[in-house]
Each structure stands twice: as C-alpha cells, then as structure tokens.
Amino acid sequence: MSLNDILLHVDTYPDATPPEAIEGAVGFVRLIGGRVSALAVGVRFPVQSNRVADYLIGLSSMAVDEQAKSLANGQASLAAFTAQARDAGVLGQALFETVEYYAVADHVAGRARDPRPVPGAAGRAAGWPGRGRD
C-alpha cells in the first residue's frame, strides 16, 4: 500500500504546531513520493452571556482574544507549510476550518477517514459539505 495523499493536522490552539514538525512532515512526504495537504482547525469558544463573568474577568473578550490567537497561529502555520511543501514539490492543499474547541479532535478524525479527496475551493463549489467551516 503506497501513501500518496497525506493529511497533516496543524494545531492552532493553545499553541501552534512547531515549524520543525511541519518541516519534518514535508520532508517525510518528499521521501515517500506523495503529496501532503495541511488541515489547520481554528477554535471557537461558545460563550454564554454572563454579566458577572464579563465584569470580573472579561470572559467574552477573553474568548474573542483566544479565537484570534487560534486564527493567527493557523494562518502562520499554513503559510510556513505552503512555502515548504511547494519548495519540496509535494504541496496538496492548505485548508483552514473552524469548529468549537471540544470538537477539534472529532473533526480532524472525521476528515482523515473521509474517502473523498481533500476539497479546495473547487470541492466546495462542487457541493462538498462544509462541516464546521466559517
């Protein structure tokens, strides 16, 4: 069984996947002669309005800040991945999707098990379901 299409999960929260890990994954795929797509999953924190929590610790703004951190981590990691994979000649796609924080693992596992190709803009236009996309 050959590995032609690899899906690399890129962490965005609480910390981004280290650049060395991305570099290692790209190098591995180059060695085996496949293509690699990266999936960065940003997190959402559904916060119920709570005046006391907002007053005491700024809960709503804290959630917004952490979501922004996840987005920035994902964008930076995907930019690094895209550059490295393109240079190595193994670039598939670089995807960013957003789900609630506690659903990240299930979302990635579902995408890894999906037999359909990893979609890009063409896949979405062709009706690929946008599970968790914003």
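Might you report the magnitude of the Cβ-based charge dipole of the stretch 1-79 about its Cα centre, with Lys and Arg at +1 and Asp and Glu at -1, to the nearest 20 debye? Please list the in-between numbers first.
Working: 5 positive and 8 negative charges, 39 e Å.
Dipole of the stretch 1-79, to the nearest 20 debye: 180 debye.
Under 5 Å between amide hydrogens, which residues at least 5 positions from Asp11 or on another chain qualify, with H placed 1.01 Å from N in the peptide plane?
It is Thr17, by chain and number.
Once phi is turned into θ = phi - 60°, what whole-Hz ³J(HN,Hα) does the Karplus curve with 6.51, -1.76 and 1.60 give for every residue of the stretch 63-70, x standing for Gly and Pro?
Couplings: 5, 4, 5, 5, 5, 5, 4, 4 Hz.
Given a 1.4 Å probe and every protein chain left where it sits, what share in percent of the accessible area of the stretch 2-107 is carbon and sulfur?
55
Under 5 Å between amide hydrogens, which residues at least 5 positions from Ile6 or on another chain qualify, with H placed 1.01 Å from N in the peptide plane?
Counting only residues 5 or more places away or on other chains, the set is Arg35, Val36, Ser37.
Quick one: 3J(HN,Hα) in Hz for the stretch 29-34, Karplus 6.51/-1.76/1.60 with θ = phi - 60°, rounded, Gly and Pro as x.
With coefficients 6.51, -1.76 and 1.60, one gets 5, 4, 5, 8, x, x Hz.
With each pseudo-label sitting 7 Å past Cα toward Cβ, what's the Leu56-Ala72 distance in nm, one decimal?
So the two model labels end up 2.8 nm from each other.
Which three extents, in angstrom, do the Cα atoms of the stretch 1-105 have along their principal axes, listed largest first?
Each principal axis gives a Cα extent; for the stretch 1-105 these are 56, 24, 16 Å.
The values are calculated or read from the model by the stated rules, or taken from the named source; none is laboratory data. Bear in mind the structure is a predicted one, so any value in this text is a computation, not a measurement. Please note: Cβ atoms are built from the backbone with ideal geometry, for glycine as well, and neighbour counts cover all protein chains shown. Accessible surface areas use protein heavy atoms only, side chains included; no ligands, DNA or RNA. Shrake-Rupley method; radii C 1.70, N 1.55, O 1.52, S 1.80 Å.
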